[in-house]
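Some notes on the structure that comes next.
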Amino acid sequence: MEYSINPISAEDREPIIDIFNYYVENSFAAFPESKVPYQAFDMFMQMAKNLPTAVIKDQEGKLLGFGMLRTFNPMPTFSHTAEITCFIDIDHTGKGIGKIMLEFLEREGQAKGITNILANISSLNAGSINFHKKNGFVECGCFKKAGKKKGKIFDTVWMQKML
């Protein structure tokens, strides 16, 4: 299957939030307790301001996933470090889409001076931890019992990739 990958645009608002909300309701990959409104798209875009964003679509134009680099810390001292967010439509996971998106965000991030990417992952999200390990991230820290969702307490695992 062929894919197109482009920066996020306003027309991607609803499918992005729909994908995100699937993970909100069905996993520990997204941290909110309940679905977010479509207006949350504006918050996502503000978080990624001046950094690369991406949507990946199939040949018919269906959005299969989205990702972004976002500011890790607003101090200029940390301007070379970004945090990554990436979500793939559940029906399209395990097909290499996440890797395509990650490579795109890394390339675009490097062009903007990013040399360090961080990922903040729930310890209950083994799939994401494994994906990041397979793609060159290493575990660099863990905050014990930092999160609680759906009555379950979890650690947040921090992973890092130097570009």
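No value in this document is a laboratory result; all are computed from the given coordinates. Every value quoted in this text rests on a predicted model; they were computed, and no experiment measured them. Positions of Cβ are generated from backbone atoms using ideal geometry, with glycine treated the same way; all protein chains shown enter the neighbour counts.
Let's see how each residue does on (1) part of a helix (DSSP H, G or I); (2) touching a residue at least 60 places away in the same chain (Cβ under 8 Å):
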residue	(1), (2)
ILE5	no, yes
GLU11	yes, no
ILE19	yes, yes
PHE28	no, yes
ASP42	yes, no
VAL55	no, no
GLY65	no, no
LEU69	no, no
ILE84	no, no
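Only one of (1) crowded, with 18+ Cβ neighbours inside 10 Å; (2) closer than 26 Å to ASP155 by Cα is not met by PRO74, so which one is it?
All conditions pass for PRO74, except number (1).
Please determine whether any residue of segment 102-111 is over 15 Å from the mean Cα position of the chain (by Cα), assigned to a helix (DSSP H, G or I) and of a type in the set (Gly, Ala, Ser).
Within segment 102-111, one or more residues are over 15 Å from the mean Cα position of the chain (by Cα), assigned to a helix (DSSP H, G or I) and of a type in the set (Gly, Ala, Ser).
Quick one: which of ASN26, ASN21, ASN50 is polar (S, T, N, Q) and at positive phi?
ASN50
Just to be sure, is GLN59 surrounded by fewer than 18 Cβ atoms within 10 Å (Cβ to Cβ) and either under 15 Å from CYS86 (Cβ atoms) or touching an Asp or Glu at 6+ places or on another chain (Cβ under 9 Å) (or both)?
When the stated conditions are applied, GLN59 passes them.
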